[in-house]
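Single-structure report; data block below.
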Amino acid sequence: MRGAREGGCACGAVRYRLTSEPMFTHCCHCLNCQRQTGSAFVINLLIEADRVELLAGEPQPVPVPRDDGSEQVIYRCPTCQVAVFSEYTRPEVRFVRAGTLDQPSSITPDVHIFTRSKLPWVTLPDSVPAFEVYYDSKVLWPAESLERLAATRPTAARS
Ligand SMILES: [Zn+2]
Ligand SMILES: [Zn+2]
């Protein structure tokens, strides 16, 4: 592990620590992320929920409608309402918002997704894969990360 990654909300009530590196890092340019952040894109660290250790506070789950009719749960500081992570279909994987890290510059995206709605003045580096919509994680993720993802699945496999 390359040094602990810690972060939190604006008021300091919520503090978290990632106990390992993320499995993969998305830079998402979709309309949902643009609306939720009020900005051009979101940077999400995909990591097992049990590797997000809460040091202070209890982020509050807020269900948020998405354009496709589904729902995403965004966890916010109960006091200042800053969003620290979210949950899509699988609660065992957290999408931690990299902008809430103490050192956001320590993260670079592994992939750019939903570039079909990327703001035209955002220029992406040629060195990072980019997709109009989504991608195949089996192709793009390192083997070690795929193993970690598979290890989060025992409950889903039984159902
Ligand atoms: Zn706060
Ligand atoms: Zn998105």
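The values are calculated or read from the model by the stated rules, or taken from the named source; none is laboratory data. Quick caveat: nothing in here was measured; it's all calculated off a predicted structure. As a convention, Cβ positions derive from the backbone with ideal geometry for all residues, glycine included, and neighbour counts pool all protein chains shown. Only protein heavy atoms, including side chains, enter the accessible area calculation; ligands, DNA and RNA are left aside. Shrake-Rupley method; radii C 1.70, N 1.55, O 1.52, S 1.80 Å.
Could you pull out the chymotrypsin sites (Phe, Trp or Tyr not before Pro) across the range 53-90 that fall in loop regions by DSSP (anything but H, G, I, E, B) with no more than 15 other Cβ atoms inside 10 Å?
Answer by residue number: Tyr88.
Taking the helices alone, the chain has a mean residue ellipticity at 222 nm of -3500 deg cm²/dmol, built from -39,500 (n - 2.57) per DSSP H run of at least 4 residues and averaged over all its residues.
In the range 65-107, which GluC sites (Glu not before Pro) are in a loop and have at most 15 other Cβ atoms within 10 Å, using DSSP for the loop call? Walk me through the intermediate numbers first.
Details: sites: Glu71, Glu87, Glu92; in loops: Glu92.
Those that pass, being in a loop and sparsely packed, are Glu92.
Taking only the Cα atoms of the chain, how large is their convex hull per residue, in Å³?
Working: hull volume 20.8 nm³, N = 159.
Considering the Cα atoms of the chain, their hull volume per residue is 131 Å³.
Can you quote the Å³ per residue value for the convex hull of the Cα atoms in the range 76-118, rounded to an integer?
Working: hull volume 5.6 nm³, N = 43.
Once divided by residue count, the hull of the range 76-118 is 129 Å³.
Solvent-accessible area assigned to carbon and sulfur over the chain amounts to 53 percent, based on a 1.4 Å probe. An oblate overall shape is assigned to the range 1-61, the ratio a/c of its alpha-carbon gyration tensor axes (a ≥ b ≥ c) being 1.5 or greater and a/b not exceeding b/c.
Per residue, the range 47-139 exposes 58 Å² of solvent-accessible protein surface, assessed with a 1.4 angstrom probe and all protein chains in place.
Please list Lys138, Lys118 in order of solvent-accessible area, largest first, computed with a 1.4 Å probe with all protein chains present. Intermediate values should be presented prior to the final figure.
Numbers: Lys138 160, Lys118 50 Å².
Correct descending sequence by accessible area is Lys138, Lys118.
Starting from the eigenvalues of the Cα gyration tensor, five times each then square-rooted, give me the equivalent ellipsoid semi-axes of the range 15-104, largest first, whole Å. If you can, show how the numbers build up before the last one.
Details: eigenvalues 73, 43, 36 Å².
Those come to 19, 15, 13 Å.
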